[in-house]
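Here is the structure we will look at, set down as structure tokens.
The values are calculated or read from the model by the stated rules, or taken from the named source; none is laboratory data. What you are looking at is a predicted structure, and each value in this text was computed from that prediction instead of being measured. Cβ placement follows ideal geometry from the backbone for every residue including glycine, while neighbour counts extend to all protein chains displayed.
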Amino acid sequence: MKDILDPETVRQHVLERYGDIAANSSSCCNQTSSSCCGGEKTYDQQFGYSAGEVASVPEGSNLGLGCGNPTAIASIRPGETILDLGSGAGFDCFLAARQLQGTGQVIGVDMTPAMIAKARDNARKGGYGNVEFRLGEIEALPVRDNTVDLVISNCVINLSPEKRRVFGETFRVLKSGGRLAIADVVATKPLPDAVRNRLNAVGACIGGAALVDEMKHMLDDAGFSRIEITTREETRVLINQWTDDENAGSFVVSAFITAIKP
């Protein structure tokens, strides 16, 4: 069975799905099962955020859409320019700004107008003068060449039907010596065709996951060096809650991905 989803169909589905989430989101997670917000640890804490980090951002900026905490692996330094791919309502941008301690700049890019509006409102509420949000696609970033020190992203690149373009754009905007630090979903074995070609599975951050080796090859082809992909086996149980396919976690897992632009 061949892939039957063309890039524009995927892009439109993702745009509509996440526009709806922005318009109808609550302060909890957006997964299909309410139990993902319960247990001894919250959903966010199970994916690597501290209670203090969650409490530090404006209400409504954390939509529970991530699969890891990219700011925890980013080694952010004051004065840096940071770019967040698929910034949503601004959660990771605000955490990055907190680490910048009032210096530098954080730029969030998202293709969903409702998310951009929500993020900008959250920035105003929180008084984040060094954070801005730009409407655009991560395959064609509205950012100048060689101007960014660090690129972060959280469970977004898997949604792109053109990942090679994303990594090419990421490489373009980074300065020499710039870093990539993302949390995303990767496949540890080939996904069944029925999953890869189901729009709801793609929109749920499962159907579009690339194999670990494919991710490494795409980053290498884009020009990155010191590529590291660290899978997080403990996240498979959480991923099983994302769709009605209870076996999703046997194919995909959250991972931390880091690389350097030479």
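Only one of these conditions is not met by Asp44: (1) modelled with pLDDT of 95 or more; (2) within 15 Å of the chain's Cα centre (by Cα). Which number is it?
(1)
Residues in the range 123-138 that are in contact with a helix residue (DSSP H, G or I) (Cβ under 7 Å, 6 or more places away or on another chain) and either buried (at least 19 other Cβ atoms within 10 Å of the Cβ) or among the hydrophobic types (A, V, I, L, M, F, W, C) (or both): how many?
Looking only at that region, the number is 5.
Would you please list the contacts, defined by Cβ atoms under 6 Å and residues six or more apart or on different chains, that run from a residue in the range 55-71 that is more than 22 Å from Leu150 (Cα to Cα) and touching a residue at least 24 places away in the same chain (Cβ under 8 Å) to a residue that is among the aromatic types (Phe, Trp, Tyr) and assigned to a helix (DSSP H, G or I)?
Here the result reads Gly64/Tyr43, each pair linking the range 55-71 to a residue that is among the aromatic types (Phe, Trp, Tyr) and assigned to a helix (DSSP H, G or I).
Check whether at least one residue in the range 232-249 is in a strand (DSSP E or B), touching a Leu at 6+ places or on another chain (Cβ under 6 Å) and within 30 Å of Val173 (Cα to Cα), and report yes or no.
no
In the range 58-75, what residues are hydrophobic (A, V, I, L, M, F, W, C) and either over 17 Å from the mean Cα position of the chain (by Cα) or surrounded by fewer than 20 Cβ atoms within 10 Å (Cβ to Cβ) (or both)?
Ala72, Ile73 - these are the residues of the range 58-75 that are hydrophobic (A, V, I, L, M, F, W, C) and either over 17 Å from the mean Cα position of the chain (by Cα) or surrounded by fewer than 20 Cβ atoms within 10 Å (Cβ to Cβ) (or both).
Quick check on the range 79-113: of everything there that is more than 21 Å from Gly177 (Cβ to Cβ) and acidic (Asp, Glu), which residue is surrounded by the fewest Cβ atoms within 10 Å (Cβ to Cβ)?
Residue satisfying both the conditions and the ranking: Asp110.
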